[in-house]
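Q: Sharing a structure below in structure tokens format, with a few things to ask.
Here, each number is a calculation from the coordinates, and none is a lab measurement. Quick caveat: nothing in here was measured; it's all calculated off a predicted structure. Every residue, glycine as well, gets a Cβ built from its backbone with ideal geometry; the counts of neighbours run over all protein chains shown.
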């Protein structure tokens with residue numbers, strides 16, 4: 001029974017970690033992304049979208065591995 005409880009607890013904590021910390025990561029990265037997009041060769045909108053997409057990809061790959 002404890003194995004199932006540990007699995008459920010790990011899943012719930014992982015889900016909350018991903019959902020709660022993801023917007024914080026975006027907010028921390030936003031000023032850097034917005035300034036860096038002004039110096040990009042692409043259009044501003046395309047550069048911002050691409051960089052936020054990179055943050056999202058990074059978080060979806062590595063954010064789950066850092067579950068407390």
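Q: Considering each residue of the stretch 14-32, count those that are surrounded by 11 or more Cβ atoms within 10 Å (Cβ to Cβ) and farther than 17 Å from residue 60 by Cβ, and give that number.
A: Selection size over the stretch 14-32: 2.
Q: Right, another one. Only residues that are surrounded by 13 or more Cβ atoms within 10 Å (Cβ to Cβ), touching a helix residue (DSSP H, G or I) at 6+ places or on another chain (Cβ under 7 Å) and in a helix (DSSP H, G or I): list them for the stretch 37-62, please.
A: Listed by number, the residues that qualify are 37, 47, 48, 51, 52, 55, 59.
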